[in-house]
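The structure appears right after this line, and notes come after that.
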Amino acid sequence: MKSKKITIKDVAKEAGVSVATVSRALNGLGGIGKETRDHVLEICERMAYVPSTLASGLTMRHTRTLGIVVPDITSPFHAQLMVLLTSEAQQYGYQVLLCNSFRDYETEMEYFKLLISNQVEGILFYPVGDMSSKNLYQYMRYVPIVSLNEMPDNSPIPYVCGDERKGGSLAAERLIRGGCKKILCIGIKEDRLVHRYRVEGIMDEARQWGAEIEVYESDKNYKSSFDRGYGQASELIRESLRPGGEPLPDGIIAASDATANRVIKACMEYGIAIPDQMSVIGFDDINGAVPAVELTSVSISHKLHVKRAINLLIRMKRERTLKEQERGIKLRPALVERSSCQAVRGSGIYKQ
């Protein structure tokens, strides 16, 4: 059932003050004390009250505008997602307001408030992480909200996404079938939902084959997927060159294509041949080509992703309720074969 929209009268009643006092607190006007102002603002925050900045004639929200919030517009994946969402929204006669949350929960929440106060008709977002659901579900009382990534099991927020566990499984199977004996995951961040789901799929597949796959751990905090790929691969190679160092893996599963591309760059600088000495696979099929090597990747159709997400958002706006099976739509990923992995041949390894 849809939650009741919170009004300024509801806030005034909860705070035990007049509507005029609430208005003064929200607009920074005089005539009320600091303690009263802080009390009113605390009530607004707790009740997720979002004042409208537009005229009362727009309360039906026929603004033909959608909000889009992503964690990092410098990410090739998120940048492409924003472009495709904008294009698809225009096909339905909608304009979009684009927001970058900088992978920060507070910023993500503030942008939701801003978009709702500006009367968008719906919000599509790629969550920062686990806490996004808890922080944002309350705003569903104002507008339809659809996540572009899988949400935790107990989340009421509908989502359309790739089946990341299946994607992880495909990546692991591809390297194992290609004869890789020592496989390492690079660029994984535990706080990223998509990374976590992919690793779950990778490890499940490894268990079925009786293979060993590890996640590379680094104590360095790299700023971007590009930096993480290059930095962690360089660390790994330098460690292997030390006396008594561990042999390099012959297979790398990178957290994304951006990470994979920089892994390959580091390998080329150290004279490691791809794929003869090391097979590399990424995710998202965004940056397929790097100098001298074309990247094998696992991906869903990004056009289908945004089309299904916007269709769901518009249906939520029209119908108000969803069937249970429509609350979590997962798209099947596929392997995009290029030249960064050894060819599959008889390896003598069989799935258990």
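The values are calculated or read from the model by the stated rules, or taken from the named source; none is laboratory data. Computed from a predicted structure; not experimentally measured. Please note: Cβ atoms are built from the backbone with ideal geometry, for glycine as well, and neighbour counts cover all protein chains shown. Only protein heavy atoms, including side chains, enter the accessible area calculation; ligands, DNA and RNA are left aside. Shrake-Rupley method; radii C 1.70, N 1.55, O 1.52, S 1.80 Å.
Of the set (1) buried (at least 16 other Cβ atoms within 10 Å of the Cβ); (2) small (G, A, S); (3) in contact with a Pro (Cβ under 7 Å, 6 or more places away or on another chain), all apply to A25 but (3). Under the condition of being over 10 Å from V263 (Cβ atoms), in contact (Cβ under 8 Å) with a residue 40 or more places away in the chain and surrounded by 14 or more Cβ atoms within 10 Å (Cβ to Cβ), the residues counted in region 210-239 number 4. Looking only at residues of region 90-99 that are farther than 24 Å from D191 by Cβ and under 21 Å from the mean Cα position of the chain (by Cα), we find that the one that is surrounded by the fewest Cβ atoms within 10 Å (Cβ to Cβ) is L97. Residues in region 193-251 that are under 27 Å from the mean Cα position of the chain (by Cα) and hydroxyl-bearing (S, T, Y): Y197, Y216, S218, Y222, S224, S225, Y230, S234.
Only one of these is open to solvent by 30 Å² or more (accessible area, probe 1.4 Å), on the phi > 0 side of the Ramachandran plot and modelled with pLDDT under 95: R345, R315, R320, R338. Name it. Testing whether each residue is open to solvent by 30 Å² or more (accessible area, probe 1.4 Å), on the phi > 0 side of the Ramachandran plot and modelled with pLDDT under 95 leaves just R320. Might you let me know whether region 240-253 holds any residue that is assigned to a helix (DSSP H, G or I), of a type in the set (A, V, I, L, M) and surrounded by 15 or more Cβ atoms within 10 Å (Cβ to Cβ)? Looking for residues that are assigned to a helix (DSSP H, G or I), of a type in the set (A, V, I, L, M) and surrounded by 15 or more Cβ atoms within 10 Å (Cβ to Cβ), one finds none in region 240-253, hence no. Consider region 100-152 and keep the residues that are touching a Ser or Thr at 6+ places or on another chain (Cβ under 6 Å), outside any loop (DSSP other than H, G, I, E, B) and farther than 27 Å from S87 by Cβ. The one that is most open to solvent (accessible area, probe 1.4 Å) is R141.
All of (1) in contact with a strand residue (DSSP E or B) (Cβ under 9 Å, 6 or more places away or on another chain); (2) open to solvent by less than 50 Å² (accessible area, probe 1.4 Å); (3) more than 30 Å from S218 (Cα to Cα) hold for E326 with one exception: (1).
For region 153-173, what are the residues that are open to solvent by 20 Å² or more (accessible area, probe 1.4 Å) and in a helix (DSSP H, G or I)?
Going through region 153-173, the residues open to solvent by 20 Å² or more (accessible area, probe 1.4 Å) turn out to be 153-156, 159, 163-166, 170, 173.
Within region 153-173, E164, R165, K166, L170, E173 qualify.
Residue count for region 255-289 satisfying the condition of being outside any loop (DSSP other than H, G, I, E, B) and open to solvent by 50 Å² or more (accessible area, probe 1.4 Å): 5.
The requirement of being assigned to a helix (DSSP H, G or I) and not aromatic (F, W, Y) is fulfilled somewhere in region 214-227, by at least one residue.
Scanning region 72-99 for residues that are free of Cβ contacts under 8 Å to residues at least 24 places away in the same chain and either part of a loop (DSSP other than H, G, I, E, B) or not hydroxyl-bearing (S, T, Y) (or both) returns A79, M82, V83, Q90, Q91.
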